[in-house]
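This report refers to the structure that appears directly beneath it.
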Amino acid sequence: MRHQSNPRKAFFLKFLSIIFVIKEALILITIGYGLFFLINRDFQMLKLTLVSCFMFWGLLSIIFIAAQEKCVCGLCRVSPISKKRHCQKHKNAKRWLLSHRWPVIFGVLIRGFYTCPYCGELFKNRARLAKYADEKSKINKYKAFAKNKKRKMKKSKVRNSSNF
């Protein structure tokens, strides 16, 4: 891992990823409810559902646009979750569900690291690094404790066998 994202940037990336997932799910929910009310010919509920979902989607879009300026790639200075048509993607940029955004979102939310689709650099969350460092130090301390305990047991067996 060459680069680490600071905690503030990691927070905004997680925040933007969650908002993006909610926005995409909201579109699917709107289509599903819209078709349900259209089939049942309940036009009053259809209007209410479409207007409320559109307003909520608009609010999330405004929050998404305002927050995306706070998390940009350290090298190329482009937000990895934003959709920039004029920016050229890296030759090794991965696509998932017809978008370059989903691998970044999956990486931020699930794995804790992501690859920028524009410059191809790998970024890792510092909070996760600290967590894994603590876990490794605990494991190393336990291994040292177990090794020391085995040595003491061997020494005590040798002393006990020499007494007879």
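None of the figures in this text is laboratory data; all of them are computed from the coordinates on show. All figures in this text were calculated on a predicted structure; none of them were measured in a lab. Using ideal geometry, Cβ is built from the backbone for each residue, glycine included, and neighbour counts are taken over all protein chains shown.
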For this session: Would you mind ranking I31, I22, I105 so that the residue whose beta carbon has the fewest other beta carbons within 10 Å leads the list?
Result: I31, I22, I105
Exercise. Which ordering of K70, K143 is given by a fewest-first count of other beta-carbon atoms within 10 Å?
Worked result: K143, K70
Seminar exercise, completed: From the cross-link list K23/K47; K70/K124; K70/K94; K124/K150; K23/K70; K47/K70, the entries with a Cα-Cα span beyond 26 Å are K124/K150; K47/K70
Problem set entry | Length released on extending from I18 to K150, taking residue separation times 0.36 nm less the Cα-Cα span | 42.7 nm
